[in-house]
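Take a look at the structure set out below.
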Amino acid sequence: MKLWVVAACLALACFAGPAGFAQEATPSPSPAPPAEPTDEETIKREEVVVVTASKVESTIINAPATMTVVTTEALQTAPSQNFGDLMRNVPGMNVIQTSARDVNITSRQSTSTLATSQLVLLDGRSMYLDFFGLVLWDLVPNNAADIKQIEVVRGPASAVWGANALSGVVNIITKTPREAPGSSVTLTGGLFNRDEGSREEEGTGNAWGGSASIARAPSDTLSFRVSGGYFDSEPFSRPVGRVPIIADPRVDNPVCNVTTGAGANCLGGAPYPADRQGVNAFENDGTSQPKIDGRLDHDLSNGARITYQAGYAGSEGIVHTGIGPFQLEDGAYMAYGKIGFSKGALRVGAFANFLDAEAPNLLLTDPTTLEPVALNFTTQTYDFEVGHSMVVGGHHVLSYGGNVRRNNFDITLTPNAEDRTELGAYFQDEIFWDKFRLAIGGRVDKFGNIEDPVFSPRVTAMFKPHAEHSFRASYNKAFRSPSAVNNYLDQKIFAPVAPIDLRPLIPLLPPPLAALVPRQPVRLIVNNVGNPDLKEESLTAYELAYTGTFGGRTTLGLAVYQNDTEDNINFTTITPSADFPQGGPGFDVYTPANSAETGIPGPLYAVLLQLRIPGFPLPRTVSTYLNLGPTRQRGFEASIDHRFNDTFSANANYSFQDTPEILEPEEDEIRFPVSELALPAKNRFNLGVSWNHPRFLGSASINFVDEALWVDVLTAPFHGFTDSYTMLNAAFGMKFVDGKVVATIKGTNLTNETIQQHVYGDVIKRSVFGELRFQF
């Protein structure tokens, strides 16, 4: 029996989860079950009400998806300085921070430098950047003090939210102005260690920031909030030396000399580009992040509400990608406007996102202009949505709705991408029979860049032997649409490898060909192109889960899952191999006609293709996006949350991810190449305590993350493992003037462990910050 099954069987004997930090769930949404709730159930519903699972209010124990909620209390006491450190405590979440501003988060699968499978919402507004499919977490315009809770759906959710909710959903929900009237000012500043790496001689780094918020309700019908803030950080240290050479762990009996790097199955060995002193080198940078946000609520006499929102968030700093780092320059921003109408269960809304940024690559040069490869993008997203729910016949809760979305693109890397229209509609029926619940639903989406409509079904069967215990089995299917970059990328680059000296070939060639051998090393050119014929990437998920509450104080959550991914959208280098014998279906790139892309004369190139001389790398001429064959990810999660009293709580959680499995492809599919398979951390463990006394507040936590293999940046010499690490974090604060003034010291990685969360990422050491908050 496989380890993941054994883990599920042992689950009843273990416990772990984000408790005071977060509260667990195994869900089913609805306005309210037909049966009259007890007083105790009503209290619990008031404590933790979620909307992300099905776009209607539900208790966390009844939602039709496994969920975690990061509560207001957790936000107040956590030592984290960014969303990455905050979300690291949630079971099943893979979090990496690669620079002072660059955070990527994915649930239940490997994360990468540009994570594209996790949908992130702010009050239901998509923060997902459609032009590439990533999320820039620093473009959230709200202050932490304005956030009510963060709802995390740990698993696919396209049946409700449509495209791109492939691996999960994070919904950041802010407080209404009436929920938190008053004014607040927060000042923060601190230091972080840089006693090794590229910035060691510059000494300790510093960061500082401030924010302010004012919320008022001048009448019974009007209320508003205006907030703003600024954050500035010096850069972290870059790793120095070389990426450690390892034998490829995904290959049976690998051929590799880890001392010299010789062998067909070696990874690593490339120098870290930490400064501007050599080839493929760049200077690291910090970040500056201004933000402002406003909200106006108009409560009508008929019980309806109209909400107006607008905001702006700017950023600058390093963005790590598969083709090296880009510098997000000063002036990059996302602005938005939103209007919403609600009355009872009816929701109607529209929003617009405006994104503008310039980001030159710090490693790669455009062969045409001899300037850095430029990623400049200006995009607009317009979305209109409607949703409703109702109870029918006493045993059915129906929820339904849809949206229309329009994207306009102006991107230097994709000159042929102009616009895209998306349509979607969903329907779900939750059926209640005594102790049994069945949720059946689905969504249909039609995208302008996908030939056929996409259907995303969901079926959840739940058994509740008691109001405080639920067992759930679920089936889900989700998808990710190809982005504008996936479809229309068009950019030549000099290959990020040293120039190739072909002169040793001269004695091996006949005189006519020997005369064609360049007398200087050749800088190879790679043509990076999109693929307009891409299919949507899909994920089929199966899950068994349990959530139970004991004595009103302890919540236990268990989940075992299997995720099968089809048609993986993957940026793939076309090279001859067993997987791509002629460069891959539809990409006959290894011909003399394409020799111009390499800088090698055509006749000589043709001979090199035939000879395949050992020791001379065959020039790769094309990198593109392909739909790759199926893979499987299995895992197990366990969590426990216990509240000792009104001020003190503890939590723990454990997540296991089995080694991803490459499945056999269908006849018309490309087998997923072993070389493209990343290995996520198998084991992650979080343990924490928190307290919030009338005079004191604080928390302490431990995060353990196992080693992980990264293969998503540049070429194999830049690939490799990150070591496992343990972070000790803590915060302690004191309240003055009846809690209106709070002074807090926050620290992460207090043991000063040297941590690289990605093999290509910055070095993260101890940080200690002070925070002073005033409330009026």
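Could you say whether any residue in the stretch 431-449 is assigned to a strand (DSSP E or B), under 19 Å from Thr379 (Cβ atoms), touching a Lys or Arg at 6+ places or on another chain (Cβ under 6 Å) and open to solvent by less than 20 Å² (accessible area, probe 1.4 Å)? Scanning the stretch 431-449, I find no residue that is assigned to a strand (DSSP E or B), under 19 Å from Thr379 (Cβ atoms), touching a Lys or Arg at 6+ places or on another chain (Cβ under 6 Å) and open to solvent by less than 20 Å² (accessible area, probe 1.4 Å), so the answer is no.
Each residue in the stretch 735-748 was checked for being farther than 27 Å from Val319 by Cα and either in contact with a Leu (Cβ under 8 Å, 6 or more places away or on another chain) or crowded, with 18+ Cβ neighbours inside 10 Å (or both), and 5 of them qualify. Restricted to the stretch 670-695, and to residues there that are without any contact (Cβ under 8 Å) to a residue 60 or more places away in the chain and in a loop (DSSP other than H, G, I, E, B), the residue that is nearest to His758 (Cα to Cα) is Lys682.
When Tyr308 is tested against (1) in contact (Cβ under 8 Å) with a residue 12 or more places away in the chain; (2) over 30 Å from Ser54 (Cα atoms); (3) exposed (fewer than 15 other Cβ atoms within 10 Å of the Cβ), exactly one condition is not met: (2).
Here Ile440 fulfils each of the conditions (1) of a type outside the set (Phe, Trp, Tyr); (2) at pLDDT below 95; (3) in contact with a strand residue (DSSP E or B) (Cβ under 7 Å, 6 or more places away or on another chain) apart from (2). Scanning the stretch 350-384 for residues that are surrounded by 21 or more Cβ atoms within 10 Å (Cβ to Cβ) and either hydroxyl-bearing (Ser, Thr, Tyr) or closer than 19 Å to Val160 by Cα (or both) turns up Phe351, Thr379, Thr381.
Pairs linking a residue in the stretch 70-87 that is at negative phi to a residue that is open to solvent by 20 Å² or more (accessible area, probe 1.4 Å) and of a type in the set (Gly, Ala, Ser), with Cβ atoms under 7 Å and 6 or more positions apart or on different chains, are Leu75/Ala144; Pro79/Ala730; Leu86/Ser80.
A quick yes/no check of all residues on (1) touching a strand residue (DSSP E or B) at 6+ places or on another chain (Cβ under 9 Å); (2) at pLDDT 90 or above; (3) on the phi < 0 side of the Ramachandran plot; (4) of a type outside the set (Ser, Thr, Tyr):
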residue	(1), (2), (3), (4)
Phe571	yes, no, yes, yes
Pro603	no, no, yes, yes
Arg643	yes, yes, yes, yes
Asn653	yes, yes, yes, yes
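Count of the stretch 487-542 residues, restricted to those that are in contact with an Asp or Glu (Cβ under 8 Å, 6 or more places away or on another chain), under 30 Å from Asp452 (Cα atoms) and surrounded by fewer than 20 Cβ atoms within 10 Å (Cβ to Cβ), is 3. Scanning the stretch 62-97 for residues that are touching a helix residue (DSSP H, G or I) at 6+ places or on another chain (Cβ under 8 Å) and open to solvent by 20 Å² or more (accessible area, probe 1.4 Å) returns Leu75, Ser80, Asn82, Phe83. For the stretch 213-266, residues that are open to solvent by 60 Å² or more (accessible area, probe 1.4 Å), in a strand (DSSP E or B) and closer than 29 Å to Thr98 by Cα total 2. Which one is nearest to Gly720 (Cα to Cα), of the residues in the stretch 749-760 that are open to solvent by less than 10 Å² (accessible area, probe 1.4 Å) and among the β-branched types (Val, Ile, Thr)? Only one residue tops the list, namely Val759.
Going through (1) open to solvent by 60 Å² or more (accessible area, probe 1.4 Å); (2) touching a His at 6+ places or on another chain (Cβ under 7 Å) one by one, Leu296 falls short only on (2). Looking across the stretch 143-163, just one residue is assigned to a strand (DSSP E or B) and either of a type in the set (S, T, N, Q) or at positive phi (or both), and that is Gln149. For the stretch 387-430, a residue qualifies if it is aliphatic (A, V, I, L, M) and either in a strand (DSSP E or B) or modelled with pLDDT of 95 or more (or both), and the qualifying residues are Met390, Val391, Val392, Val397, Leu398, Val404, Ile411, Leu423, Ala425. Only one entry of Ala207, Ala262, Ala212 meets the criterion of being at pLDDT below 95 and either within 30 Å of Leu122 (Cα to Cα) or out of contact with any helix residue (DSSP H, G or I) (no Cβ under 8 Å at 6 or more places or on another chain) (or both), and that entry is Ala262. Assess whether Arg194 counts as being charged (D, E, K, R), under 27 Å from the mean Cα position of the chain (by Cα) and not in a strand (DSSP E or B). Considered against the rule, which asks whether it is charged (D, E, K, R), under 27 Å from the mean Cα position of the chain (by Cα) and not in a strand (DSSP E or B), Arg194 comes out as yes.
Any chance the stretch 129-139 includes a residue that's out of contact with any Ser or Thr (no Cβ under 8 Å at 6 or more places or on another chain) and in contact (Cβ under 8 Å) with a residue 60 or more places away in the chain? Scanning the stretch 129-139 turns up no residue that is out of contact with any Ser or Thr (no Cβ under 8 Å at 6 or more places or on another chain) and in contact (Cβ under 8 Å) with a residue 60 or more places away in the chain.
Within the stretch 102-125, the set of residues being over 13 Å from the mean Cα position of the chain (by Cα) and open to solvent by 10 Å² or more (accessible area, probe 1.4 Å) comprises Asp123, Gly124. Does Leu505 count as in contact (Cβ under 8 Å) with a residue 60 or more places away in the chain and farther than 30 Å from Ala159 by Cβ? In short, yes. The single condition from (1) assigned to a strand (DSSP E or B); (2) open to solvent by 40 Å² or more (accessible area, probe 1.4 Å); (3) under 21 Å from Asp723 (Cβ atoms) that Thr659 fails is (1). For the stretch 315-338, the set of residues classified as under 23 Å from Asp146 (Cα atoms), without any contact (Cβ under 8 Å) to a residue 40 or more places away in the chain and under 22 Å from the mean Cα position of the chain (by Cα) consists of Ala335 only. With respect to the conditions (1) of a type in the set (A, V, I, L, M, F, W, C); (2) in a strand (DSSP E or B); (3) without any contact (Cβ under 8 Å) to a residue 60 or more places away in the chain, Phe479 lacks only one, and its number is (3). The number of residues in the stretch 731-776 that are out of contact with any Gly (no Cβ under 6 Å at 6 or more places or on another chain), among the β-branched types (Val, Ile, Thr), part of a strand (DSSP E or B) and farther than 22 Å from Arg101 by Cα comes to 1. Count of the stretch 352-372 residues, restricted to those that are part of a strand (DSSP E or B) and polar (S, T, N, Q), is 3.
The values are calculated or read from the model by the stated rules, or taken from the named source; none is laboratory data. Computed from a predicted model, the values in this text were never measured in an experiment. Quick reminder, even Gly has a Cβ in these numbers, built from the backbone with ideal geometry, and neighbours come from all protein chains shown. The accessibility values were calculated without ligands, DNA or RNA, using every heavy atom of the protein model including side chains. Shrake-Rupley method; radii C 1.70, N 1.55, O 1.52, S 1.80 Å.
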